[in-house]
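Everything below concerns the one structure shown next.
The values are calculated or read from the model by the stated rules, or taken from the named source; none is laboratory data. These figures come from a predicted structure and were not determined experimentally. Ideal geometry is used to build each Cβ from the backbone, glycine not excepted, and the neighbour counts take in all protein chains shown. In case anyone asks, the SASA skips ligands and DNA or RNA and just uses the protein heavy atoms, side chains included. Shrake-Rupley method; radii C 1.70, N 1.55, O 1.52, S 1.80 Å.
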Amino acid sequence: PHIKLCISATRVYSCVRVVCIRGVCGIRTSESMSKRAKKNEQEAGDGDHDNGTAPAAKKGKKVKEPEAPILYSDPPDKMNSKDGRAANMKITSWNVDGLRAWVKKKGLDWVRDEAPDVLCLQETKCAEKSLPDEITSMPEFPHKYWAGSDEKEGYSGVAMLCKTEPLKVTYGIGKEEHDKEGRVITAEFPTFFLVTAYVPNSGRGLVRLDYRKTWDVEFKAYLSDLDKRKPLVLCGDLNVAHEEIDLKNSKGNKKNAGFTAEEREGFNQLLAAGFTDSFRELYPEQANAYTFWTYMMNSRSKNVGWRLDYFVLSSALLPGLCDSKIRNQAMGSDHCPITLHMVV
């Protein structure tokens, strides 16, 4: 009996130890997961654009329940200017994050439904010789123009597809330092210029911030020179969220590319030169309206994003502004398309 009792006690003791060991393991697993999640959030913040997720809760503090996402619903299109004239020009701009992948994701189906007069694309990452047949053969846009990087295959790149032939088309801004990356196409129409641009990103760790500051000054000078000849529409990925209302996590991104004081001041200077952000002109208080969401952390479904894509207009074109749209339901890229309705 004495021996049996000892064995029994040993079994009980072993049992308790097993439970304790499992408990410790469980805690370690939980801590490991928490550290991994925190690391993921930090890595997201080190990228081109943070996803806006709040930092992980400190040890010992109660973790808050995640907030329900606040979504943005694009309102019905306004097809008349304030003075009652009907829109007669429709321009769509889209950072496609790789043209070939975007075509495979049926981006052109959406474009056909939208049916703009001009389609501007950024970050095509595709040399002209490698363009997909699906887009080069589009009869809807008989006039197509492409610009790509001279030095890097699969980098940068912009395009402009037009129903009506422009009077003239030029590439770049007349500065070799910038133009070799294939970032700008300008089309002259009878009453205005249309400029599509993919503005340089300051990069992870802001390694290109100095270059970006130079770009902002020289690009503004280029646009101002055009504006002296004829009013213009600038569209594209301008790689800046102008104000705190233009991104989800403004506090956590003040030292990240796209929301530095220097980049925001560059945009301020552009507006001060006589240009207007068309979306804010029409919707000055509209929050949660974004055009870019990182692929990490389910950011798009949570609407944790940035407004990086714009239609910027010369002051002389403002009377003809009808609507500036954010088509955030269109999929196919980490950006969504934007559309401008105007009278020209």
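So that you can scan it fast, the table gives a plain yes or no per residue for (1) of a type in the set (D, E, K, R); (2) surrounded by fewer than 20 Cβ atoms within 10 Å (Cβ to Cβ); (3) touching a helix residue (DSSP H, G or I) at 6+ places or on another chain (Cβ under 9 Å); (4) part of a loop (DSSP other than H, G, I, E, B):
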site: 234; (1), (2), (3), (4): no, no, yes, no
site: 252; (1), (2), (3), (4): no, yes, yes, no
site: 264; (1), (2), (3), (4): yes, yes, no, no
site: 270; (1), (2), (3), (4): no, no, yes, no
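Across region 153-163, what is the total count of residues that are surrounded by fewer than 21 Cβ atoms within 10 Å (Cβ to Cβ) and either over 24 Å from residue 234 (Cβ atoms) or among the β-branched types (Val, Ile, Thr) (or both)?
2
Mind telling me which of the residues 74, 97, 83 ends up being over 28 Å from residue 177 (Cβ atoms), touching a residue at least 40 places away in the same chain (Cβ under 8 Å), open to solvent by less than 50 Å² (accessible area, probe 1.4 Å) and among the charged types (D, E, K, R)? Spell out how you get there, then give the answer.
On the way: 97 fails: over 28 Å from residue 177 (Cβ atoms); 83 fails: open to solvent by less than 50 Å² (accessible area, probe 1.4 Å).
From the options 74, 97, 83, the qualifying one is 74.
For residue 139, all conditions in the list (1) farther than 18 Å from residue 189 by Cα; (2) in a loop (DSSP other than H, G, I, E, B); (3) in contact (Cβ under 8 Å) with a residue 24 or more places away in the chain hold save one; what is the number of the exception?
(3)
Tell me, yes or no, whether region 171-189 has at least one residue that is touching an Asp or Glu at 6+ places or on another chain (Cβ under 6 Å), of a type in the set (Lys, Arg), within 27 Å of residue 321 (Cα to Cα) and assigned to a loop (DSSP other than H, G, I, E, B). Write out each step before concluding.
Looking only at region 171-189, we keep the residues that are touching an Asp or Glu at 6+ places or on another chain (Cβ under 6 Å), and these are 172, 175, 180.
Of the ones still in play, those that are also of a type in the set (Lys, Arg) are 175, 180.
Retained after the next criterion (residues that are within 27 Å of residue 321 (Cα to Cα)): none.
So far as region 171-189 goes, no, none of its residues is touching an Asp or Glu at 6+ places or on another chain (Cβ under 6 Å), of a type in the set (Lys, Arg), within 27 Å of residue 321 (Cα to Cα) and assigned to a loop (DSSP other than H, G, I, E, B).
Under the condition of being in contact with a helix residue (DSSP H, G or I) (Cβ under 8 Å, 6 or more places away or on another chain) and open to solvent by less than 10 Å² (accessible area, probe 1.4 Å), which residue from region 322-331 is farthest from residue 98 (Cα to Cα)?
Filtering region 322-331 for residues that are in contact with a helix residue (DSSP H, G or I) (Cβ under 8 Å, 6 or more places away or on another chain) and open to solvent by less than 10 Å² (accessible area, probe 1.4 Å), the one farthest from residue 98 (Cα to Cα) comes out as 323.
Looking at region 212-235, I want the residues that are under 24 Å from residue 324 (Cα atoms) and have a partner that is open to solvent by less than 30 Å² (accessible area, probe 1.4 Å) and in a helix (DSSP H, G or I) with Cβ atoms under 6 Å, at least 6 apart or on another chain. Which pairs are those?
Partner pairs satisfying both residue conditions: 216/266; 220/270; 231/317; 232/226.
For residue 260, are the conditions met, namely being in contact with a strand residue (DSSP E or B) (Cβ under 7 Å, 6 or more places away or on another chain) and in contact (Cβ under 8 Å) with a residue 12 or more places away in the chain?
Numbers: in contact with a strand residue (DSSP E or B) (Cβ under 7 Å, 6 or more places away or on another chain): no; in contact (Cβ under 8 Å) with a residue 12 or more places away in the chain: yes.
Here the answer is no, as residue 260 does not meet what is asked.
Which one is most open to solvent (accessible area, probe 1.4 Å) among residues in region 102-113 that are closer than 13 Å to residue 331 by Cα and basic (Lys, Arg)? Step through it out loud before you land on a result.
Residues of region 102-113 that are closer than 13 Å to residue 331 by Cα, as a first pass: 102-111.
Okay, now just the ones that are also basic (Lys, Arg), so 104-106.
Details: 104: 170, 105: 109, 106: 130 Å².
Only one residue tops the list, namely 104.
Residue under question is residue 230, and the condition is that it be open to solvent by 40 Å² or more (accessible area, probe 1.4 Å) and modelled with pLDDT of 95 or more; does it hold? Break it down stepwise before answering.
Numbers: open to solvent by 40 Å² or more (accessible area, probe 1.4 Å): no; modelled with pLDDT of 95 or more: yes.
So residue 230 fails the test.
Output the number of the condition that residue 91 fails; it satisfies all remaining conditions of (1) among the hydrophobic types (A, V, I, L, M, F, W, C); (2) modelled with pLDDT of 70 or more; (3) open to solvent by 40 Å² or more (accessible area, probe 1.4 Å).
Residue 91 satisfies every listed condition except (3).
Can you find even one residue in region 205-220 that is touching a helix residue (DSSP H, G or I) at 6+ places or on another chain (Cβ under 9 Å) and assigned to a strand (DSSP E or B)?
No, every residue in region 205-220 fails to be touching a helix residue (DSSP H, G or I) at 6+ places or on another chain (Cβ under 9 Å) and assigned to a strand (DSSP E or B).
Just checking, how many residues over region 276-321 are open to solvent by 20 Å² or more (accessible area, probe 1.4 Å), of a type in the set (Asp, Glu) and assigned to a strand (DSSP E or B)?
So the answer is 0.
Take the residues of region 114-134 that are within 22 Å of the chain's Cα centre (by Cα) and of a type in the set (D, E, K, R): which is surrounded by the most Cβ atoms within 10 Å (Cβ to Cβ)?
In this case the residue turns out to be 123.
Which condition from (1) free of Cβ contacts under 8 Å to residues at least 40 places away in the same chain; (2) closer than 30 Å to residue 165 by Cβ; (3) in contact with a Pro (Cβ under 7 Å, 6 or more places away or on another chain) is the one that residue 192 breaks?
The number of the failed condition is (1).
Can you go through 245, 338 and tell me which one is farther than 21 Å from residue 227 by Cα and open to solvent by less than 10 Å² (accessible area, probe 1.4 Å)? Before the answer, list the steps.
Details: 245 fails: open to solvent by less than 10 Å² (accessible area, probe 1.4 Å).
Answer to the check: 338.
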